[in-house]
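**Student:** One structure, pasted below without further comment.
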Amino acid sequence: MKKYEYVTVYIGKFFGAKSEEHRKIIDEYAAKGYRYVGYIPTVLDDFGKIKDIDLIFEQDI
């Protein structure tokens, strides 16, 4: 059986350019025994630009 955790990350204007927040979160959950499995866009603006995502982690229980 698997356990899943979802962590919301605000994308902001420059996500990916110099953002390190997602890396810290992935490292933190890896240290807890979770595996990063992907992300889901959760908030889009009127032009379809992603504003927020949920990082998805899984762990065997």
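All of the numbers you see were taken from the coordinates with simple rules; none came from a lab. Every value quoted in this text rests on a predicted model; they were computed, and no experiment measured them. Note that each Cβ is placed from the backbone with ideal geometry, even for glycine, and that neighbours are counted across all protein chains shown.
**Student:** What angle do you read, to the nearest 10 degrees and between 0 and 90, between the alpha-carbon axis of helix 21-31 and the longest principal axis of the chain?
**Tutor:** Orientation of helix 21-31: about 10 degrees from the principal axis.
**Student:** Among [x] 26, 11, 8; [y] 24, 14, 6; [z] 19, 12, 10, only one was calculated for this model; which label is it, if the read-out is semi-axes √(5λ) of the Cα gyration tensor in Å?
**Tutor:** Given [x] 26, 11, 8; [y] 24, 14, 6; [z] 19, 12, 10, the structure-derived one carries the label [y].
**Student:** Here's a follow-up. What list of ³J(HN,Hα) values in whole Hz, one per residue of region 48-57 in order, does the Karplus curve 6.51 cos²θ - 1.76 cosθ + 1.60 (θ = phi - 60°) give from phi, with Gly and Pro shown as x?
**Tutor:** x, 6, 6, 9, 9, 9, 10, 7, 10, 10
**Student:** I would also like to ask the following. Suppose a student asked you for the relative contact order of the chain, using Cα pairs under 8 Å spaced at least 6 residues apart; what percent would you report?
**Tutor:** Once divided by the residue count of the chain, the mean separation gives 50 percent.
**Student:** Would you work out which of ALA31, VAL7, THR42 lies farthest towards the positive end of the dipole of the chain? Charges go on Cβ: Lys and Arg +1, Asp and Glu -1.
**Tutor:** ALA31
**Student:** With loop defined by DSSP as not H, G, I, E or B, and exposure as at most 14 other Cβ atoms within 10 Å, which is the longest segment of the chain clear of exposed chymotrypsin sites (Phe, Trp or Tyr not before Pro)? Don't jump to the answer; show the numbers that get you there.
**Tutor:** On the way: sites that count: PHE14, PHE47.
Here the longest segment lacking exposed loop sites spans 15-46.
**Student:** Same structure, new question: Residue by residue through region 37-43, which ³J(HN,Hα) values in whole Hz follow from phi under the Karplus form 6.51 cos²θ - 1.76 cosθ + 1.60 (θ = phi - 60°), with glycine and proline marked x?
**Tutor:** Once θ is set to phi - 60°, the couplings for region 37-43 become 10, x, 9, 10, x, 10, 9 Hz.
**Student:** Work out the length of the dipole vector of region 2-60 about its Cα centre, built from +1 on the beta-carbon of each Lys and Arg and -1 on the beta-carbon of each Asp and Glu, and round it to the nearest 20 debye.
**Tutor:** 120 debye
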